[in-house]
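Below is one structure; the comments refer to it alone.
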Amino acid sequence: MLCKVCRSKGKRKKAVIYLRHHRLALCKEHFIEWFERQVERTVKKFKMFTRKEKVLVAVSGGKDSLSLWFALNKLGYETYGLHISLGIEGWDYSKESLRVCREFSGRLGRPLIVVNLKEEFGYTVEEIAKGSGRRDVCSVCGTFKRYLMNKVAKEEGFKVVATGHNLDDESALLLSNTIRWELGYLGRQSPVLPEEGGFVKKVKPFCFLTEKETVSYAIVNEIEYMEKGCPNAKEATSAHFKRALAYLEHKMPGTKLRFYKEFLKRARPVFEKEVKEGLELNECEVCGMPTTSPVCSVCRMLQRLKEC
Ligand code: AMP
Ligand code: ZN
Ligand code: ZN
């Protein structure tokens, strides 16, 4: 297959990727150009940040977040990495993730902020999950990651945090929220969560790019990323929704993008009204971070651990 852009210029360059839902075959050079244009367009469309602001890019060491850091840096944004080291021992997961992020930070020549859960709180995420009586490590992990992203951003003077969530993640989350009719979550699901009541702005510049596209971008740019997933994430229910959408995408190319884009345009404004009335934020009595209850969920879990 030949690159469509090259062909239109009378050249015959081989395509490295075929984007079925866009009916677009592209060579390496034109795929990179296309991908970065999509990112730039999303950043501008949702007014995520400008070149005058510093952006904290949350990097796990996986393909999405490292590709995001790479693309934003290349597009001329002032980026800083943030890696949260969770202390997951299986498969040397946390140790390897940190190494990969450090090396990548060196390659980009951009600073990496590292927060270690054990140093910060005295426990790893697995110890916290066990001690607080929650068997689901993933949800504990998610709570601490969100908490620390916000805390570090505020302490270090960032107004915006960017994460590597892609279209596969967002459309699977949308399907899951829809099937459960989680009205509050539906009203809040967005490429941009504005700064509000002590939460810094959170953005997802890859929300219209598929996992196939982000992994291809990582490969053509020779990004070394963690191929292994987290050893605790085996049972994630989001995987079922991703598989269901992959089937629909195979049968009807463009389903994921249409589902998510039309939701943002037509359905989200309806659900948004539900959210505004329900959510009241105050400061956690212990740590001062924003929460809907007197003590935030992070402090509650840590308190329970100290009681054991
Ligand atoms: P996940 O929830 O693991 O799918 O990750 C979603 C996004 O959260 C990633 O693309 C990263 O931007 C961010 N993220 C996940 N894990 C970490 C971590 N350990 N440190 C910093 N950011 C992370
Ligand atoms: Zn080309
Ligand atoms: Zn707290």
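Computed over the Cα atoms of region 19-120, what is the convex hull's projected area averaged over all directions, in nm²?
It is 8.4 nm².
At 0.36 nm per residue, and after removing the present C-alpha to C-alpha distance, how many nm does the segment from R107 to K14 gain when stretched out fully?
Result for the pair: 30.6 nm of gain on full extension.
Sort S293, S60, S67 by Cβ crowding within 10 Å, fewest neighbours at the top.
Going from least to most buried by this count: S293, S60, S67.
Compute the distribution of all C-alpha to C-alpha distances in region 58-198, in bins of 5 Å from 0, and list the percent of pairs in each, rounded to whole numbers.
The percentages, shortest bin first, are 2, 8, 16, 20, 20, 18, 12, 4, 1, 0.
One quarter of the convex hull surface, Cα atoms only: what value does that give for region 162-223 in nm²? Intermediate values should be presented prior to the final figure.
Working: hull surface 19.7 nm².
With the hull built on Cα positions only, its mean projection is 4.9 nm².
Run the quick spin-label model on R7 and Q303: label points 7 Å from Cα toward the beta carbon, then report their separation in nm to one decimal.
6.4 nm
Trypsin sites (Lys or Arg not before Pro) within region 1-60: which are DSSP loop residues with at most 13 other Cβ atoms inside 10 Å?
Sites meeting the loop and neighbour criteria: K9, K11, R12, R23, K47, R51, K52.
Round to the nearest 0.05 the FRET efficiency obtained for L193 and N221 when R0 = 30 Å and r is the Cβ-Cβ distance.
0.60
Which of the GluC sites (Glu not before Pro) found in region 153-197 are loop residues per DSSP with 14 or fewer other Cβ atoms within 10 Å of their Cβ?
Within region 153-197, the qualifying GluC sites (Glu not before Pro) (loop, at most 14 other Cβ atoms within 10 Å) are E156, E195.
For region 152-277, compute Rh as the Kirkwood radius over C-alpha pairs and then the Stokes-Einstein diffusion coefficient at 37 °C and 0.692 mPa s; write the answer in µm²/s, rounded to an integer.
202 µm²/s
At 37 °C and 0.692 mPa s, what whole-number value in µm²/s does Stokes-Einstein give for the translational diffusion of region 213-295, with Rh from the Kirkwood sum over Cα pairs?
Details: Rh = 17.4 Å.
Diffusion coefficient, whole number: 188 µm²/s.
Report the label-to-label distance for E274 and R243 in nanometres (one decimal), using points 7 Å from each Cα along the Cα→Cβ vector.
2.8 nm
Using helices alone, I'd like the mean residue ellipticity at 222 nm for the chain: each DSSP H run of four-plus residues gives -39500 (n - 2.57), total over residue count, nearest 500. Each step should come with its number before you reach the end.
Values: 14 runs with 155 residues, N = 308.
Value at 222 nm, helices only, nearest 500: -15500 deg cm²/dmol.
Place a point 7 Å from the Cα of Y185 along the Cα-to-Cβ direction; which residues of region 147-172 have their backbone N under 18 Å from it?
Taking a point 7 Å out along Cα→Cβ of Y185, the residues of region 147-172 whose backbone N falls under 18 Å are 147, 165-172.
Percent antiparallel among DSSP beta bridges with both residues in the chain, to the nearest 5?
Close to 35 percent.
Taking region 111-221, how many lysine pairs are there with alpha carbons less than 14 Å apart, if each pair must be eight or more places apart or span two chains?
Number of lysine pairs found: 9.
Within 10 Å of each residue's Cβ, count the other Cβ atoms and sort M301, M252 from fewest upward.
With the sparsest Cβ surroundings first, the list reads M252, M301.
Quickly work out the K251-to-E283 label distance, labels modelled 7 Å from Cα along the C-beta direction, and quote it in nm with one decimal.
5.4 nm
In µm²/s, what is D for the chain at 20 °C and 1.002 mPa s, where D = kT/(6 pi eta Rh) by Stokes-Einstein and Rh is the Kirkwood radius from Cα pairs?
The diffusion coefficient I find is 103 µm²/s.
A short reminder: the numbers here are calculations on the coordinates, not readings from a lab. Every value quoted in this text rests on a predicted model; they were computed, and no experiment measured them. We place every Cβ from the backbone using ideal geometry, glycine too, and count neighbours over all the protein chains shown.
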